[in-house]
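To start, the structure under review is shown below, and the notes come after it.
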Amino acid sequence: SITMRASYLSQDRSEILYATKELARRMQSPTVGDMRALKRLGRYLIGRPRVVIKYERQPMVRSLDCSVDPDWGGCIRTRKSRNGGALMLGRHLLKSWSSTQSVVALSVGEAEYYGAVRAAGTGLGYQSLLKDLGLVLPLRVWTDSTATIGICGRTGLGKLRHIDTQCLWLQHQVRSGAMELRKVKGTANPADLFTKH
């Protein structure tokens, strides 16, 4: 019950997204360690009972930016990767997520590529929504993975063997100019918050 309350609260409080995701994954068979983690989250929330998110006036925004950072094989038990991202309109956070990827990625590049696919899908959805509101903005997806940029720069799988072919639509989106894929330093990636303790 407390975990789901924290999950509800995490919709507005991005800093607890990762913690609540991990707690929710362990609800089926919780351990003593999971209870300790839940208490730690509770103590954090007691110490910071309120969050005020200010969307102050900002200069005209020129693009919609989506940062993504997967953590390859982050779950020791299932070997599944974690995926986190933040969709920004200038300095304003529109959406953030922290989730576990549904497939087991066999390499760092594969996990990072799946993360970029998720970010691009989210960004394109919001880009379409903003277009309906009369605001036409280009989409930029920021990643710290050189491998993902390399995969998107080619046509087809190349020497890759394990990427799900239904995810190759990202290559076409990048080549057609519907979105840009850009490199960000791992230490400056805001999405890093959603994949680590």
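Side notes on the structure shown:
- Exactly one residue among Asp71, Asp65, Asp34 is within 19 Å of Leu94 (Cα to Cα), among the acidic types (Asp, Glu) and open to solvent by less than 70 Å² (accessible area, probe 1.4 Å), and that residue is Asp65.
- Meets criteria (within 30 Å of Ser29 (Cα to Cα), basic (Lys, Arg) and either in contact with a His (Cβ under 9 Å, 6 or more places away or on another chain) or not in a loop (DSSP other than H, G, I, E, B) (or both)) for Arg140: no
- Check on Ala147, touching a Gly at 6+ places or on another chain (Cβ under 7 Å) and either open to solvent by 40 Å² or more (accessible area, probe 1.4 Å) or part of a helix (DSSP H, G or I) (or both): yes
- Qualifying positions in region 168-197 - assigned to a helix (DSSP H, G or I), in contact with a Phe, Trp or Tyr (Cβ under 8 Å, 6 or more places away or on another chain) and either at pLDDT 75 or above or of a type in the set (D, E, K, R) (or both): Leu170
- Selection within region 51-75: residues that are among the charged types (D, E, K, R) and not in a loop (DSSP other than H, G, I, E, B). The member of this set that is modelled with the highest pLDDT is Asp65.
- Number of the condition not met by Ser29 [criteria: (1) closer than 27 Å to Gln127 by Cα; (2) surrounded by fewer than 11 Cβ atoms within 10 Å (Cβ to Cβ); (3) polar (S, T, N, Q)]: (1)
- Total residues in region 76-108, condition in contact (Cβ under 8 Å) with a residue 12 or more places away in the chain, within 12 Å of Arg25 (Cβ to Cβ) and not in a strand (DSSP E or B): 2
One line per residue, one yes/no per condition, for (1) open to solvent by 10 Å² or more (accessible area, probe 1.4 Å); (2) of a type in the set (A, V, I, L, M, F, W, C):
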residue	(1), (2)
Gly134	yes, no
Val141	no, yes
Gly156	yes, no
Ala178	yes, yes
Ala188	yes, yes
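The values are calculated or read from the model by the stated rules, or taken from the named source; none is laboratory data. Keep in mind that what you see is a predicted model, and the values were worked out from it rather than measured. All Cβ positions, even for glycine, are placed from backbone atoms using ideal geometry, and neighbour counts span all protein chains on display. Surface areas here come from the heavy atoms of the whole protein model, side chains and all, with no ligands, DNA or RNA. Shrake-Rupley method; radii C 1.70, N 1.55, O 1.52, S 1.80 Å.
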